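Visitor: Pasting a structure below so you can have a look.
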Amino acid sequence: MARTPVEFRLNGAEKAVFVEGGANLLDVLRRGLGDMTPKYGCGQGTCGTCTVLVDGRPQLACLTLAETVAGREVRTVAGLPDGAELHPLQDAFMENFAAQCGYCTPGMLMAAAALLERRPDPSREEVVEAISGNICRCTGYEPIIAAILDAAQRRRRRAS
Amino acid sequence: MSSQTRVELRKDLFADERDDNLNEIGRPTARQDILGHVTGRSPFFDDHQFDGLLHMRCVRSPHHHARIRRIDIAAAERMPGVRRIILGRDVPHNLNTLLSLIDFGRDDEPLLATGKVSYVGEAVAAVIAETERQARDAVAAVRVDWEVLPHVLDPEEALAPGAPIVNETWPRNVFEYHDKYTHQKLRFGDVERAFARPDVEIVEGRYQMSPIEQAPTETCGAIAAPETNGRYVCHTSTQALFFSLGTTAKLLDMPSSRLHFIGGTVGGGFGGKVDSLHEPLAVLGAILTGAPVKYIWDRAEEMQVGAPRGAERWYLKDAVTRDGRIVARRFRGYFDCGAYTRLSSYAVQKATGHLPGPYTIENVSSDVYCVFTNRTPATAMRGFGITGVDFAIECHMDKVAERVGLDPIELRILNAYRDGDMKAHRRLAKNTALIECCQVAAEKAGWPIRPEFAAMSSLTGGGGDRAAIPETVTDEEGRVDGTPAARPAPRPAAPAPAPAPATASTSARPAAPATRPAAPPATPPAAPPVAPPVSAPAPAAAPAERPQERPAQKPYQPQEPFTRGVKKPGAHRFSSLSGTRRR
Amino acid sequence: MGLTVETYASAAEAARALAAAQDARYLGGGTLVMRAVNYGDQSFRRILRATDPALGRIAAQGGRISVGAGVTMAEITESRELGFLAPAARAVGGPAIRSMATVGGNLFAAHPYGDLAAALLALDGRAVLADGREQALDELFAARGRGQQPLVTAVTIARPERGAFRFRKVSRVKPKGVSVMSIAAWLPRSGGRIAGARVAYGAMGPTPRRVPRVEQALEGRTLDAAGVQAAVAAAAEGLDPPEDAIASAWYRRAVAPVHLRRLLLEEDG
């Protein structure tokens, strides 16, 4: 079977893996590199559960051909905390009860992280738009929206 | 917006019924698993890594109903990476029903179909390969020779004469309670006498609900791997670890002590992960290959094959006095359980126990059928058994309100049950709160209700005459109308004769069985008709070839009765509302 | 067995490889091809891709604009040049899909996808093929699904006058949902009256399509209740929209006039 070497940065660390032909980024992250934080939900781009950041933009890892991230920076929930300190989004999700079963949470966090990096002070509408590709089946959208708005405030406080 | 969604605790209601010393309710509390969730470290079943993990994918039926003439796996077996292809004959005890674990119902479902398939997506073979892609490629290379059979997708059509037999274990296309009863019955008072009263209006309605997929974000799956001590570890997405354990022990005919099941972290279940069949297939794969095996559904399988909340159809008929009192309510309900029982038999019992909803009605009658069709087997989902009929009841309440010219909330308050009222299942109502719910809902919605309705209370006005059990019509044997004689129907091994034609009568009384002599005939009786009391719609087109005319298709029966696993000798029977009541 | 991935430095090389192959699929942003890969599509074994920077270019060409086939929906929404097209690009998927999905891919997206393609069609879109030939989008759509598809390297579109282009996507879930239908209308005006209208629907047929009867009914009319009446009456004429889980054909026909009317009577802006 054809295997192709791919090098990229994952959460700041250089990685080099051999990928099978047609392998998607989700499988490479999970089974190839052991980063289990992104989850499989649909394999077809409808649920957002596998959302990661590629060069700062949200992407669906299940629809990303592994070769296409060569030389790029991939970020997952595993890279959100700053050392032992959780990311403001993680604190806000905990305090706002923004996770029930927890399965959509990594994708939600990364979609939210992409938003906050571009829009540090987002409106509620922008938050709704930012997570519009992410499905939560425990139907906790309101606490998730509240948590993201709360995280934006925490982030600004932390920065000032 | 989020501030509007805060919970408001109405502690003024029923304040004297409790001490207001709750430590958790009404106070924010962090989930114990929240840190794992926000760091992505919560261990879902698929987050466990195994070196040399193999991947399982199933070959599935493209037909609603078809006989399997031949499964040709020769080409698929030779494909790169393919380790093993499992067929029904490889399953040690290839027949089960979930609730057999509590001795309820008949084994009616194979893990991998052998003789025939009864719904689109039913698995007939499982391919195990080194990569998921290889497994998919090999699945595409398995050739199945199908003989397409006539199918039925509507429960009332399934009960009509000449309907295809969906599942040979249930030749009348209905679940038979205690091997005897074709449906669940509830009789309380005499609805027919009430319908005949001159001072009532009759309001009828037909309501139905389509199947609903639970659609958990995490699709169902399991990883099984050999441990070093003859045991198998199984990480699973199940919602019901001990159902899964017992089911696996039974299907694989192995003691549960050899199964090390790990679950509890579930990426959404909502009932759809109660009766999963991933664990037995994954464990069987690990046994047959000696390697760790993962079996996970993709999203398309989750939607097509995953058991949904089943479809339901309800017919309601009320007798209502001019002032809005509902004096009689009759139900006829059909649960579409799909091709196999799963949990629908239980859903029907739950529904029957719930009737006539949260209202006090002096005459109630109900006949609810659990019907087999060639649809995806139905299972649990959030309040299943109740949700569909509550939808019907509440739609019907609005219809009644409109007919008698009453405000719909006032109609509900007027007919609401109150503390001390007798319910149709012959238990006194307590802790009732419908009146208060209606009052608060009206207040929040700015919906005006008259002061006398705003002043009513669940605590007063109940009991007394309303606590009485009305005289219920029975025959000389003490049976309500339509109950078959005491002897159980013979357990059928071959297709039964076609059910008798449905009566065209609008009476609630099915024609034949009630008048059957109590003494059993010398020869086994023909299966009594499953007579839907009102004419069922005929199937759209008569099937060209009726299954009854075929040679008998004997359902698979294991050679040895099941003896191991979790089944305990002398397990007591599951009691039900109209079945044998313990105590 | 298994799949192979071939990466080409130029679109022209990729196009040649694609033309010669029976078992290959060209991968743009991946949202369609990887979905097929993930579900074990047996119709191809090779994935072709190109890293040609020209595919990502947005450039003015006289009165028209050339949009590279590799330009993503997100890049359209961020482009000053393509501001008028941003509502259509934003109608596609959620943010993660938009940072992957490309203009070229949208031209080949099966129903009910292809909302942007409907907008490009209304804007007199012409596909630029790898060999330099141009093909009107209606022709490209008509040939879709028949034989090997050509590699499109860019789409050129008209630059509409300010306020002359309108787009509306109708879906049952907000803010992200699959199309019941989408409507794109380029309504150039001369002396207050419409001259040379182009109106296209998405999700109302197997591919995006123009609605000539609506266009004719708008000719010479003004955008007011009386002026749009004939166009609204013709909104669903001669259409045979698809049935799917989102909407029945009947429903699509029934709501088409309602949404067309709303689009036409929008405030200019």
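Visitor: Which value in deg cm²/dmol, rounded to the nearest 500, describes the helix-derived mean residue ellipticity at 222 nm for chain A, given -39,500 (n - 2.57) per DSSP H run of n ≥ 4 and division by the residue count?
Guide: -9500 deg cm²/dmol
Visitor: Let me ask something additional. By how many degrees, between 0 and 90 and to the nearest 10, does the Cα long axis of helix C:11-20 differ from the longest principal axis of chain C?
Guide: Between helix and principal axis, roughly 80 degrees.
Visitor: List, in the order given, every pair from A:Lys39/B:Lys294; B:Lys399/C:Lys169; B:Lys350/C:Lys174; A:Lys39/C:Lys176; A:Lys39/C:Lys174 whose Cα-Cα distance in the structure shown is over 26 Å.
Guide: Distance filter (> 26 Å) returns B:Lys399/C:Lys169; B:Lys350/C:Lys174.
Visitor: Once A and B are treated as a pair rather than alone, how much accessible area drops out, both sides summed, in Å² to 100, probe 1.4 Å?
Guide: Separately minus together, A and B give about 2700 Å² buried.
Visitor: Report which residues of the range A:101-125 become buried by 40 Å² or more of accessible surface when going from the isolated chain to the complete set of protein chains (1.4 Å probe; DNA, RNA and ligands ignored).
Guide: A:Cys101, A:Tyr103
Visitor: Can you list the GluC sites (Glu not before Pro) in the range B:333-417 that are in a DSSP coil and have 16 or fewer other beta carbons within 10 angstrom?
Guide: Here no GluC sites (Glu not before Pro) fit, given the DSSP loop and packing criteria.
Visitor: Using R₀ = 60 Å, calculate the FRET efficiency as 1/(1 + (r/R₀)^6) where r is the Cβ-Cβ separation of B:Arg143 and B:Ala455; round to 0.05.
Guide: Numbers: r = 73 Å, r/R0 = 1.22.
So, using R0 = 60 Å, E works out to roughly 0.25.
Visitor: What do you get for the angle between helix A:105-118 and the principal long axis of chain A? Use alpha-carbon atoms, 0 to 90 degrees, nearest ten.
Guide: Its long axis makes an angle of about 80 degrees.
Visitor: Report the calculated FRET efficiency for B:Ala445 and B:Lys350 (r = Cβ-Cβ distance, R0 = 30 Å), to the nearest 0.05. Mind dumping the intermediate values first?
Guide: Numbers: r = 30 Å, r/R0 = 0.99.
That gives a FRET efficiency of 0.50.
Visitor: I'd like the antiparallel share, as a percent to the nearest 5, of DSSP beta bridges with both residues in the range A:1-79.
Guide: 90 percent
Visitor: How many percent of the accessible area of the range A:88-159 is carbon or sulfur, using a 1.4 Å probe?
Guide: Carbon plus sulfur share of accessible area: 50 percent.
Visitor: Okay, moving on. Using the per-residue mean of other Cβ atoms lying within 10 Å as a proxy for protection, in what order, highest first, do the peptides A:144-152, C:51-59, B:55-63 fall?
Guide: Order by mean packing, descending: A:144-152, B:55-63, C:51-59.
Visitor: Could I ask something else about it? Just to confirm, what accessible area per residue do you get for the protein assembly as shown at 1.4 Å probe, in whole Å²?
Guide: Ligands and nucleic acids excluded, the figure is 42 Å² per residue.
Visitor: Run the numbers on the range A:3-79 and let me know its relative contact order in percent, using alpha-carbon pairs under 8 Å that are six or more apart.
Guide: Relative contact order here is 38 percent.
Visitor: Considering all projection directions equally, how large on average is the shadow of the alpha-carbon convex hull of the protein assembly as shown, in square nanometres?
Guide: Working: hull surface 188.6 nm².
Average of the hull's projected areas for the protein assembly as shown equals 47.2 nm².
Visitor: Would you jot down the residues in the range A:25-48 that end up with at least 30 Å² less accessible area in the complete protein assembly than in the chain alone, with a 1.4 Å probe?
Guide: Residues meeting the cut-off: A:Arg30, A:Arg31, A:Met36, A:Lys39, A:Tyr40, A:Gly41, A:Gly43, A:Gln44.
Visitor: Give me the distance in nm between label points sitting 7 Å out from Cα along the Cα-to-Cβ direction at A:Thr4 and C:Arg133, one decimal.
Guide: Going by the 7 Å Cα→Cβ label model, 2.8 nm.
Visitor: Quick one: pull the percent of accessible area on the range A:3-79 belonging to carbon and sulfur, 1.4 Å probe, ligands and nucleic acids left out.
Guide: Within the range A:3-79, the accessible surface is 46 percent carbon and sulfur.
Visitor: Can you compute the label reach from A:Asp55? Point 7 Å from Cα along the Cβ direction, backbone N cut-off under 14 Å, restricted to the range C:90-121.
Guide: C:99-101
Visitor: By how many degrees, 0 to 90 and rounded to 10, does the Cα axis of helix C:249-264 deviate from the longest principal axis of chain C?
Guide: Value to nearest ten degrees: 70.
Visitor: In whole percent, what relative contact order does chain A give with Cα contacts below 8 Å and a gap of six or more residues?
Guide: 23 percent
Visitor: Which whole-number percentage describes the relative contact order of chain C, with Cα contacts under 8 Å and a sequence gap of 6 or more?
Guide: On the way: 546 pairs, mean separation 38.9, N = 269.
It rounds to 14 percent for chain C.
Visitor: Starting from the 7 Å offset along Cα-to-Cβ, what nm value, one decimal, do you get for the label separation of C:Arg193 and B:Ile25?
Guide: Calculated label separation equals 7.3 nm.
Visitor: Here's a follow-up. Calculate what fraction, in whole %, of the accessible area of the range C:46-202 sits on carbon and sulfur atoms when a 1.4 Å probe is rolled over the protein chains. Don't skip to the answer; put the middle values down first.
Guide: Values: 2850 of 5840 Å².
Accessible surface attributable to carbon and sulfur in the range C:46-202 totals 49 percent.
Visitor: Are there residues in the range C:1-44 whose accessible area shrinks by at least 40 Å² when all protein chains are included rather than the chain by itself, and which are they (probe 1.4 Å, ligands and nucleic acids not counted)?
Guide: Those residues are C:Met1, C:Leu3, C:Val5, C:Met34, C:Arg35, C:Asn38, C:Tyr39, C:Gln42.
Visitor: Rounded to the nearest 100 Å², what is the sum over both chains of accessible area buried where C meets B, with a probe of 1.4 Å? Write out the running numbers ahead of the final one.
Guide: Values: alone 12690 and 26880 Å², together 38840 Å².
The buried area between C and B, both sides summed, comes to about 700 Å².
Visitor: Mind checking how much accessible area C and A bury in total, 1.4 Å probe, in Å² rounded to 100?
Guide: 2200 Å²
The values are calculated or read from the model by the stated rules, or taken from the named source; none is laboratory data. This one's a predicted model, so the numbers in the text were calculated from it and none came from an experiment. Because the Cβ atoms are built from the backbone with ideal geometry, glycine has one as well, and the counts that use them run over all protein chains shown. The protein model used for the area step is the full one, side chains on, heavy atoms only, and it has no ligands, DNA or RNA in it. Shrake-Rupley method; radii C 1.70, N 1.55, O 1.52, S 1.80 Å.
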